[in-house]
Amino acid sequence: MSSRQYDLVVFGATGYTGKLTAEHITTNLPTDLKWALAGRSASKLEAVAAECKSLNPDRSQPGKR
């Protein structure tokens, strides 16, 4: 059993590549994946998380770090 809080953390999630990575995770990886978004701007992270939720509302949403 792992003591990690998240299976995957996307650093720089508010940048171009980070957003594409978050979208890919949202639409293609298993829905039970525990993942998080990390970046310098809380408001931008909220926007990326909201977009992920709109792409796949049934999956667990990312945490924000």
Suppose R0 equals 22 Å; then what is the FRET efficiency for Phe11 and Asn56 from their Cβ-Cβ distance, rounded to the nearest 0.05? 0.55
Taking the Cα atoms of the chain alone, what are Rg (to one decimal) and Dmax (as a whole number) in Å? 11.0, 34
Express the carbon and sulfur contribution to the solvent-accessible surface of the chain as a percent, rounded to the nearest whole number, probe 1.4 angstrom. 53
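The values are calculated or read from the model by the stated rules, or taken from the named source; none is laboratory data. Keep in mind the model is a prediction, meaning the values are calculated, not measured. Every residue, glycine among them, receives a Cβ derived from its backbone with ideal geometry; neighbour counts consider all protein chains shown. The protein model used for the area step is the full one, side chains on, heavy atoms only, and it has no ligands, DNA or RNA in it. Shrake-Rupley method; radii C 1.70, N 1.55, O 1.52, S 1.80 Å.
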